[in-house]
Amino acid sequence: EAHQENAKNEEEKDWAAAKAFFDNLKTHKPRPPKPRYAVTIAVSSRTLFDMTAERKIYEEEGVEKYVSYQVEHEQEPLNPGPAFPFVKALMNVNSRLRELYPDSEELFDIVLMTNNHAQVGVRLINSINHYEMESYLTIERFCMTGGNSPIGYLKAYMTNLYLSKSADKVTEAIEEGIAAATMFMPDKEIELSDTQLRVAFDGDAVLFSDESEIIVKQHGLDTFFEHEKEFENKPLAQGPLKCFLEALGKLQRKFYAKNERMNCPIRTFLVTARSAASSGARVLKTLRSWGLEVDEALFLAGAPKGPLLQKIKPHIFFDDQMFHIEGAKEMGTISAHVPYGIGQKYHRGKLIEQPPKNE
């Protein structure tokens, strides 16, 4: 028995020594926060990096050729993709948060969530290390699912936002209650802020449910205006990205608490086709009822969104209608499509998917 006791003590000593060794390792890299405290952003490899050429090989020549191409080129860093400036801006917010709250784990945590095979990982790691040397890309969490759907992993990571190039995966994530969007590269590049994360949201079917959108599509604008006036004080139901706005608000308030409101590195915008006078109050009252705010609310009364977004210069703009996404990306805005609600059945106001007729 004494022998067993000694063995146990030795084991505990070894464990303590090993732990002390790792705790004392000096690294300039901040540790990733625990998922339960973090605002977790999962990005696919094709949104973080531009993998257009590689994708072509995958589609035309198959997975084996694609993997061997990636392995052969693993010393060549991939070029930035549509989510890259957004992730870079998240990193800037983290460094500001760490200055104000050195011990807090309420930070953005980036997970590279990809259905790539593990062999491709070396090129992805090399690309991240390449950009980290320019001191702004730190991604420690990788999830490579080897062709399987990442949705189960998104839940395990308590993901607050998932960005992908695959509309199918994004739709699957939204159906599972995860905020998600399909990202698009803008047609031209515009200079974005290095010091402030700027996020723009459409309202209906993005922050809010598609309840009002259904009325517009089925009964026209006049009925919609009447409906919104009548229900001005009844909050709209939440949409798929409400929880992401909530997460941004939580981090913004950490800056406000330190009297940094005017110098906050997160700015949020509501960019809606609604008109302020006839249907704006319900939107603002809904946000207030949720205890949320946006920094700027732009009611466009049906005017195109592209020119205004060009002035806002967001790192990401979320909308449920491809028509608005196309207009925004033509003018240089990094756009993300939220495939949710009745808008998916229409294009430029025309029904594209006839509902089944009752026999």
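No value in this document is a laboratory result; all are computed from the given coordinates. Here the structure is a predicted model, which means the values were calculated and not measured. Cβ atoms come from the backbone with ideal geometry, glycine included; neighbour counts cover every protein chain shown.
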What are the principal axis extents of the Cα atoms in segment 39-184, in Å, biggest first? 50, 38, 24
What's the percent breakdown of Cα-Cα distances in segment 197-351 across 10 Å bins, shortest bin first? 11, 41, 36, 10, 1
Compute for segment 73-130: radius of gyration divided by Kirkwood radius, i.e. Rg/Rh, restricted to C-alpha atoms, rounded to two decimals. 1.06
With a ≥ b ≥ c taken as the square roots of the eigenvalues of the C-alpha gyration tensor of segment 182-255, please select rounded if a/c is under 1.5 and otherwise prolate if a/b is larger than b/c or oblate if it is not? oblate
Ascending count of other beta-carbon atoms within 10 Å, so fewest first, for L78, L298, L100: L100, L298, L78
Placing unit charges on C-beta atoms (Lys and Arg positive, Asp and Glu negative, everything else neutral), compute the dipole magnitude of segment 197-351 about its Cα centre in debye, rounded to 20. 560 debye
Distance in nm between E59 and K311 label points, each 7 Å along Cα→Cβ, equals 3.7 nm
C-alpha center-to-center spacing [segment 167-193, segment 235-313] in angstrom: 18 Å
Determine the relative contact order of segment 57-130: mean sequence separation of Cα pairs under 8 Å and six or more apart, normalised by residue count, in whole percent. 52 percent
What is the spin-label model distance, in nm, from E260 to E140 if the labels are put 7 Å beyond Cα along the C-beta direction? 2.0 nm
Theoretical FRET efficiency, 1/(1+(r/R0)^6), r = Cβ-Cβ of N24 and N126, R0 25 Å, to 0.05: 0.30
Viscosity 1.306 mPa s, temperature 10 °C: Stokes-Einstein D of the chain from its Kirkwood Cα radius, in µm² per second? 71 µm²/s
For the chain, what relative contact order do you get, as a whole percent, if you take Cα pairs closer than 8 Å and at least 6 residues apart? 17 percent
Net charge dipole size for the chain [Lys, Arg +1 and Asp, Glu -1 on Cβ; Debye, nearest 20]: 1000 debye
Hey, for a label at K34 modelled as a point 7 Å past Cα toward Cβ, could you say which residues of segment 79-112 have their backbone N under 12 Å away? 105-106
Which aspartates and glutamates, on any chain, are close to K258 with Cα under 16 Å apart, when same-chain ones fewer than 8 places away are left out? E99, D103, E106
Scattering curve values for segment 135-225, log₁₀ I(q)/I(0), Debye with Cα scatterers, q = 0.25 Å⁻¹: -1.29
